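A short write-up of the structure that comes next.
Quick note: the coordinates plus some simple rules give every number you see, no bench work behind them. Computed from a prediction, not measured in an experiment: that's the story for all the values here. Cβ: placed from backbone, ideal geometry, glycine included. Neighbour counts: every protein chain shown.
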Amino acid sequence: MSKLLNSEPVALDFGLLLLRVLAGGGMIYGHGWGKLMQFSDKMDSFGDPIGLGSTLSLILVVFAEVICSALVMLGLWLRLSTVPLVIAMGVAAFIANGSGPFGDMELALIYFGAFVTLFFCGSGRFAIDRISFN
């Protein structure tokens, strides 16, 4: 618990908390939840940009956008949780929307940058991973 309540400046930790909550929450609310709720309607027609099949592509995207985003928000297994999100947003930006105008890939690039930043910076002080019960 002493690691959580130390006297170091907290601006970076609050910034990482804000980035985790906004990026993870935005991904769940704006993208993942709708796919999860309409899974059966989308599973045969979902895009297959890398040749895995529509259903498997949808399963992987829903896993990233719902489960991994929730873990990012909580700060639980953060670096591992960001990997599927970085892959999904990279595919969305560079493969699925890569040949279109910049506006088509812009949102995916913003999420891509947020999750890459979290991967390198970590979860910060205000995360479940940082709670110590020693």
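Extending 7 Å from the Cα toward the beta-carbon at both Phe102 and Phe14 defines two label points whose distance is 3.3 nm. Entry note, the chain: the mean residue ellipticity at 222 nm calculated from DSSP H runs of n ≥ 4, each adding -39500 (n - 2.57), is -16500 deg cm²/dmol after division by the residues and rounding to the nearest 500. Here the extension length gained between Phe94 and Asp129 equals 9.4 nm, from 0.36 nm per residue of separation less the Cα-Cα distance. Taking region 1-98, which trypsin sites (Lys or Arg not before Pro) meet the DSSP loop condition and have no more than 12 other C-beta atoms within 10 Å? Loop-located and lightly packed - Lys3. Subtracting the Cα-Cα distance of Leu22 and Asp41 from 0.36 nm times their residue separation leaves 4.1 nm of extension gain.
Rank Ser123, Met73, Gly113 by how far each Cα sits towards the positive end of the charge dipole of region 11-130 (+1 on Lys, Arg Cβ; -1 on Asp, Glu Cβ) and give me just the farthest. Checked the options; the winner is Ser123. What are the residues whose amide H is under 5 Å from the amide H of Trp77, where those residues sit 5 or more places off or on another chain and H is modelled from the backbone? Sorted by chain and number, the residues that satisfy this are Asp129. Only Lys, Arg, Asp and Glu carry charge here, each on its Cβ (+1 for the first two, -1 for the last two); on that basis the chain has a dipole of about 420 debye about its Cα centre.
The alpha carbon radius of gyration of the chain, expressed as a multiple of 2.2 N^0.38 Å, is 1.15.
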